[in-house]
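Structure record follows, encoded as structure tokens.
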Amino acid sequence: MWRIDPGSLRYAEELGRLLAELHAVPADEVAGTGLPVCSPEQVRQRWRRDLDTVCAELTVPEPARRRWLDWLADDGCRPRWSVLTHGELYPAHVLVDPDDRITGVLDWTTAEVGDPARDLAMQHALAPPAAFDRTLEVYRAAGGRVWPRLVEPRLVEPRLVEPCARLWSTAPIGYALFALQTGDAAHRSAAQAGFDDLAPG
């Protein structure tokens, strides 16, 4: 359980500054540290392999599979550059003081050079629109690079930021991969139930 209010504008601003600083770390400084360094195309290819692996082992509804394939084929959903990312940046992994100033970040096990939307997707999913907008505003002002589809209102919801929303929608794939890697029957059953919930009707 975390005590951070995802709607806090102070936290939103702090997160925007933190991400701008993190994403500005040169990729060549990361090489040799043992962290994965992936180009945008390598990120896309890995997602495709992961989706194929999951579909081979579990029953994935065709409409969901098609949406994910369309996302992978859509160049506008990702930038043409990679940055150093944390990968699971949300309140449970962030330390703050009583004034919501960020004092530390935990659990860097998913860090890699890859898609910057990884570090924005959870804020988009958890925070109210005003807080997410403030994160993006501060991120840009602090030097964070954005791409058009990240900042344009998109599709279904008037405030939807498509790259983050579509990346967040892949959470069942990530959980299914975890279930397959561990071989745990309970996790596998839960992963399948998650896919079953995506089935139409």
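Each value in this text was obtained by applying a stated rule to the coordinates, not by laboratory testing. As the structure is a prediction and not an experimental result, all values here were calculated from the model. Counting neighbours? That spans all protein chains shown, and the Cβs are built from the backbone with ideal geometry, glycine included.
Between the amide H of Val94 and those of Leu106, distances stay under 5 Å, these residues lying 5 or more places away or on another chain, with hydrogens modeled in the peptide plane. Distances between placed amide hydrogens fall under 5 Å for Thr85 paired with Glu112, Val113, Gly114, all partners being 5 or more residues away or on another chain.
Would you mind ranking Cys77, Cys38 by Cβ crowding within 10 Å, fewest neighbours first?
Listing Cys77, Cys38 from fewest to most nearby Cβ atoms yields Cys38, Cys77.
Distance distribution P(r), segment 3-106, all Cα-Cα pairs, bin width 10 angstrom from 0: 12, 31, 30, 24, 3 percent. Here the relative contact order of segment 74-131, from alpha carbon pairs under 8 Å that lie six or more residues apart, stands at 42 percent. The C-alpha radius of gyration of segment 71-177, expressed as a fraction of 2.2 N^0.38 Å, stands at 1.07. A value for Kirkwood radius over Cα pairs in Å was derived from the coordinates, and within the list (i) 17.1; (ii) 17.8; (iii) 19.4 it appears as (ii).
Modelled spin-label separation between Leu198 and Ala171, with each label point placed 7 Å from Cα along the Cα-to-Cβ direction: 1.3 nm. Each label was represented as a point 7 Å from its Cα along the Cα-to-Cβ direction; for Ala27 and His187 these points are 2.9 nm apart.
For segment 1-24 versus segment 79-143, the inter-centroid distance based on Cα atoms is 6 Å.
Give me the number: length gained by fully extending Glu137 to Thr59, i.e. 0.36 nm times residue separation minus the C-alpha to C-alpha distance, one decimal in nm.
24.1 nm
The helix-based estimate of mean residue ellipticity at 222 nm for the chain, built from -39,500 (n - 2.57) per DSSP H run of four or more residues and divided by its residue count, is -16000 deg cm²/dmol to the nearest 500. The slack between Asp99 and Asp75, meaning 0.36 nm per residue of separation minus the straight C-alpha distance, is 4.7 nm.
Entry note, the chain: relative contact order of 31 percent, from Cα contacts under 8 Å with a spacing of 6+ residues.
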